[in-house]
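Presented below is the structure to which this report refers.
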Amino acid sequence: MLYIVAAMEDELLGLQRELDALGASQGVGFPLEFHLVGVGPRNSGQIMASAIVNGRRRPQGVLMLGVAGAVEPGRETGELVLSGNYVRDSAVEPAEPISPDQTLLEVAEAAAAEARMPVYRSDSLTVDHLVTEGWERQQHRENYRVGTVNMEDHAVAAAAQAEGVPFLSVRVILDTAEQPLPGYLPKLYRSRNALVGEVLLRPWRIPTLRRLKSQMELCQSVLTRFGLSFIQKEAERRRSAREAEAADAIY
């Protein structure tokens with residue numbers, strides 16, 4: 001069993017649709033479950049822990065897919081990110097960095113190569129709020145030597161680690177280090193009605209929202225392509241492992 005998790009529905013929607021269209025959700029060689037863990041370290045960690053402990057089938061691994069904000073200048077929207085360490089913002093909650101499972105990381109590297117997707121390798125920082133200003137991005141980059149920020153990786157990794165479940169997060173850069181984000185953005189993530197109201201009441205914000213929508217659509221496409229390739233490579237790995245076990249049993 002592989003859990004594929006994300007903070008927001010939009011991050012998994014493309015992959016779920018492709019699997020449904022291919023009729024492959026039950027035919028990839030191993031069972032999959034999709035889970036939404038919510039936005040933010042507190043929610044995501046608690047929901048992930050509950051899913052692992054109370055799930056009908058214990059996962060053999062957790063793959064987190066989602067978007068991230070760049071803090072290193074020069075990175076572009078749509079770049080695939082593989083982190084060597086998930087770091088927690090110590091100003092909020094001191095914690096040791098957590099490394100991804102090496103087997104899942106190798107599968108991800110092979111999947112990206114198969115799909116001809118360049119990979120940006122950089123540690124990620126988990127924060128408790130949306131980083132909107134350039135000065136804060138620079139501060140995080142200098143303090144923690146990370147390339148991206150998000151709001152879930154360390155918390156979800158910690159929940160998986162506590163239960164002895166292999167974990168890997170794969171992110172795609174949404175907003176660049178040079179791109180300021182509007183302060184009203186967090187409330188729009190929580191409610192589609194809030195988004196509609198924002199457009200109707202403040203039409204001058206439409207260009208900013210349109211740009212973010214376009215960026216998110218690109219990220220969805222990258223996550224979907226990667227997810228399909230990862231599932232294929234993981235199925236191959238598990239099949240090879242079964243064949244090796246069978247051969248060992250014979251001899």
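The values are calculated or read from the model by the stated rules, or taken from the named source; none is laboratory data. These numbers come from a predicted model, not from an experiment. Here the Cβ is made from the backbone with ideal geometry for all residues, glycine too, and neighbour counts use every protein chain on show. Keep in mind that these areas ignore ligands, DNA and RNA; they rest on the heavy atoms of the full protein, side chains included. Shrake-Rupley method; radii C 1.70, N 1.55, O 1.52, S 1.80 Å.
A few remarks follow.
- Efficiency of FRET between residue 21 and residue 162 - r from beta-carbon atoms, R0 41 angstrom, step 0.05: 0.70
- With the cut-off at under 18 Å, measuring from each backbone N in the stretch 57-87 to a point 7 Å along the Cα-to-Cβ line of residue 109 picks out 80-86.
- Distance between the stretch 32-65 and the stretch 80-129 - C-alpha centres, whole angstrom: 17
- Surface accessible to a 1.4 Å probe, residue 213 within the full protein complex, Å²: 120
- Loop-resident trypsin sites (Lys or Arg not before Pro) (DSSP state other than H, G, I, E or B) in the stretch 12-100 with no more than 10 further Cβ atoms inside 10 Å of their Cβ: 56, 57.
- Those GluC sites (Glu not before Pro) in the stretch 13-83 that DSSP places in a loop and that have at most 15 other beta carbons within 10 Å: 76
- Ligands, DNA and RNA left out, the accessible area of the stretch 36-139 computed with a 1.4 Å probe is 45% carbon and sulfur.
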